[in-house]
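What follows is a single structure, written as structure tokens, with notes after it.
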């Protein structure tokens, strides 16, 4: 018991602001390292899928499988966080993703498409952990700083995620030096980044922010443990989380804003590499061995550059979006986010024949996703009770994953039927629906007193 007390209530733990600053720093550094894995997967995944399956119809399968993996893992990881804390949950997700990155390399060596899909599912656990990290940043945050803290952790993934797509060429050199296929090279960097991120969380995320927040609310470690055990028995599963969200109109809007933004982003982004390749070179040639290039080096550089700028749009201005969320309000930033998504898909859709306009559209799409996700996640976290918060966050990540899987999964079919422009117009319709819902909520807020 003495050891527990020394860990739980040392001088650092007694100063929540100090712990909060350390938590944000550690989470940010881990996000930076783990972002390399996601960046490589987004830029190379569709090309690997086509190369190993031999069909353009499977282009979105890697993104779909990753998002399904993230959706399936979100609630179990949230449950693990509720029982053992954020550290155990986040490390579990990152280690699974590291195994996935290594399995991608195996798939390229063996030429096995099913192994690639299994690897993508494991990489999805890393996505789920990265999504949960943004909520870990607000466990101890003051209400007026929640948006900022969440945004800093989201922003930290910028360097790694933007670097990921641009590791195609260096990765090819590393792959060749190791005797691996060229497209396997970036995942060597991914494996190392994920391993370092997990190690950093293991060493640095102490005390655990979620467990400390529970202790502070309960007043003592014993009461917090008893309360946490009781809550874990009473509150679990998707159904209870959805009921908690359903009980709050603001939580419902927040969830809608987040999942719609993620679905639109996944659908358009997952098909953009293939669209750029078809636009510049025509259909992919079938390649029986895993060592041949599916597209020229110039096209791979163009794809990597475009996806890098898109990811920069998603993350680089996150602190600005967080500041706006705290200063202007949650609803206005949600409106800004889906307004940007609407503009982005119109630019990319009607400018589909010009790579420069497609790139501009992808950048705006990333900015819109950033605004909607940060404002929506902040609103969701404060719209439900403390006992339901971790579960609701897990539900949100699950629904985001499902929306992303649906968007990426059907994007190939939509693009085959109505083209890249039609895919963007379908995303525009979703953005318009969310804008209408948010405007209705804003009108209701103007006519009623704001909640404390």
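The values are calculated or read from the model by the stated rules, or taken from the named source; none is laboratory data. Predicted model, so just to flag it, every value in this text is computed and none were measured. Neighbour counts run over all protein chains shown; Cβ positions are idealised from the backbone, glycine included.
Please work out if residue 194 is at pLDDT below 85, in contact with a helix residue (DSSP H, G or I) (Cβ under 9 Å, 6 or more places away or on another chain) and buried (at least 18 other Cβ atoms within 10 Å of the Cβ). No; evaluated as a whole, the condition is false for this residue. Pairing residues of the range 201-215 that are without any contact (Cβ under 8 Å) to a residue 40 or more places away in the chain with residues that are assigned to a helix (DSSP H, G or I), at Cβ distances under 6 Å and at least 6 apart in sequence or on separate chains, gives 214/224; 214/228. Within the range 205-221, the set of residues being modelled with pLDDT of 90 or more and either in contact with a strand residue (DSSP E or B) (Cβ under 8 Å, 6 or more places away or on another chain) or more than 11 Å from residue 140 (Cβ to Cβ) (or both) comprises 205 only. Out of the residues in the range 156-170 that are surrounded by fewer than 24 Cβ atoms within 10 Å (Cβ to Cβ) and more than 12 Å from residue 308 (Cβ to Cβ), which is modelled with the highest pLDDT? Result: 170.
Please pick out the residue among 116, 103 that is surrounded by 24 or more Cβ atoms within 10 Å (Cβ to Cβ), closer than 20 Å to residue 179 by Cα and over 16 Å from the mean Cα position of the chain (by Cα). It is 116.
Checked against (1) in contact (Cβ under 8 Å) with a residue 12 or more places away in the chain; (2) under 21 Å from residue 256 (Cα atoms); (3) in a helix (DSSP H, G or I), residue 429 meets all criteria but (1). Screening residue 346 against (1) buried (at least 21 other Cβ atoms within 10 Å of the Cβ); (2) over 18 Å from the mean Cα position of the chain (by Cα) leaves a single unmet condition, (1).
As a summary of the residue check, residue 360 satisfies the conditions (1) touching a helix residue (DSSP H, G or I) at 6+ places or on another chain (Cβ under 6 Å); (2) farther than 29 Å from residue 58 by Cβ except for the one numbered (2).
A count restricted to the range 307-333 and to residues that are more than 17 Å from the chain's Cα centre (by Cα) and part of a helix (DSSP H, G or I) stands at 10.
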